[in-house]
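Since every read-out is calculated from the coordinates, none of them should be taken as a lab result. What you are looking at is a predicted structure, and each value in this text was computed from that prediction instead of being measured. Here the Cβ is made from the backbone with ideal geometry for all residues, glycine too, and neighbour counts use every protein chain on show.
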Amino acid sequence: MIDAENHLYKKLKKAYTQENLTKISAKLIQAYRSRDFNYIKKLYGLLEGFLPGSAAGGSRMFSSLIMLYHPDRLNYYLAKISPQKPLNDLDNYSHILTVLDNLEMIPASEDTDIDFWCDQYEEYGYDEEDFDRIIHIENELNGGELLDDEQRLSGIDFMSALNLKETGSVDAELGLLELENLQGELDMSSRSIADLDGIEYCRNISVLDLSNNDITDIAALGRLEMLEELYLTGNSVTSIDSLAALQKLKRLDISFNRIDDLHNLSDLAQLEFVNAAGNPLPNEQAEILRGKGIIVIM
């Protein structure tokens, strides 16, 4: 058993280096920026037992992976790995061996189109000729689930979208007690939501996914004080001032919006990760957050 422990220890010490973590992170960021969710999902799927069995949408998978392999995590791993640790403890950190073995072997998605996504977010709109590709990407963000016509209602409000999700009808009305009793995760991605009025009553949820909607104003989110994870990728948000009230927030994805100011995130003591790729942000704002030990993707 001692020989097995020493063997795994040596492999892990060789694997957990600044170079390897940088290589993995760069590959993940490249895939995310090009919206290659096929690659992200396959890599995520290789880590069964180390990560949650499912994560709705590519943004959440990306954040989980990048939190594992960002170079800033190197000292954490080096402190956890020692030749005195039993084999079972060392095995908890062996996931990197699987990733390194497969990093270059997973094929890129044939649907990846970097220019399309860059152009789209510069224009903040879609061309009709790109509609089929948008549908495909919406489905990727929605965990592969096909969206029906009702879910593509233009400019739907949050309460109508939630009623449709929970009851199958936009006309049904959930009571305030039902909204307050919602706990844990709430996935409202790819629902064509434009208005968040009513979401403030869902005050006990801890994970909220609003990715790939039509949202511009997120003021109502400032009342969700139990939030630990918030995913807003692929909207048209310009200001995140209201998020300064979310003192329990740990992970934030605001990628591909119109945000140009991160100052209000500086006082969030529990914040660990911000994905701000695809926003018109100056680098110095990211550096301020990084100086506080927060992982920031630009």
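Starting from the Cα gyration tensor of the range 4-54, take the square roots of the eigenvalues, sort them a ≥ b ≥ c, and report rounded, prolate or oblate (rounded when a/c is under 1.5, otherwise prolate if a/b is larger than b/c, else oblate). It is oblate, given that a/c is not under 1.5 and a/b is not larger than b/c. Each residue of the range 76-91 was assigned a 3J(HN,Hα) from its phi angle through the Karplus expression (A = 6.51, B = -1.76, C = 1.60, θ = phi - 60°), giving 4, 5, 4, 6, 8, 9, 8, x, 7, 6, x, 4, 4, 5, 5, 5 Hz with x at Gly and Pro.
Around the amide H of residue 253, modelled in the peptide plane, lie the amide H atoms of 230, 231, 232, 275, all under 5 Å away and 5 or more residues distant in sequence or on another chain.
Using the Karplus relation 6.51 cos²θ - 1.76 cosθ + 1.60 with θ = phi - 60°, the per-residue 3J(HN,Hα) values for the range 193-210 come to 6, 10, 10, 9, 4, x, 5, 5, 7, 8, 6, 10, 7, 10, 10, 10, 10, 10 Hz, with x marking Gly and Pro. Centre-to-centre, using Cα atoms only, the range 160-180 and the range 206-251 are separated by 20 Å.
Shown for the range 147-297 is the translational diffusion coefficient from the Stokes-Einstein equation, using the Kirkwood radius over Cα pairs, a temperature of 20 °C and a viscosity of 1.002 mPa s: 137 µm²/s.
Radius of gyration over Kirkwood radius for the range 2-102, both on Cα atoms: the Rg/Rh ratio is 0.99. As a proxy for reagent exposure, 95, 263 were ordered by neighbouring Cβ count within 10 angstrom, fewest first; the result is 263, 95.
Summarising the amide proton neighbourhood of residue 193: residues at separation of 5 or more, or on other chains, whose placed amide H is nearer than 5 Å comprise 214. Report, in listed order, any pair from 11/80; 27/292; 10/80 with a Cα-Cα distance greater than 22 Å. The answer is 27/292.
3J(HN,Hα) couplings calculated from phi for the range 166-182 with the Karplus curve 6.51 cos²θ - 1.76 cosθ + 1.60 (θ = phi - 60°) are, in sequence order, 7, 10, x, 9, 6, 8, 5, 10, 7, x, 4, 5, 5, 5, 5, 7, 5 Hz; Gly and Pro show x. Backbone amide hydrogens, once placed in the peptide plane, bring residue 295 within less than 5 Å of 273, 274, excluding anything fewer than 5 places away on its chain.
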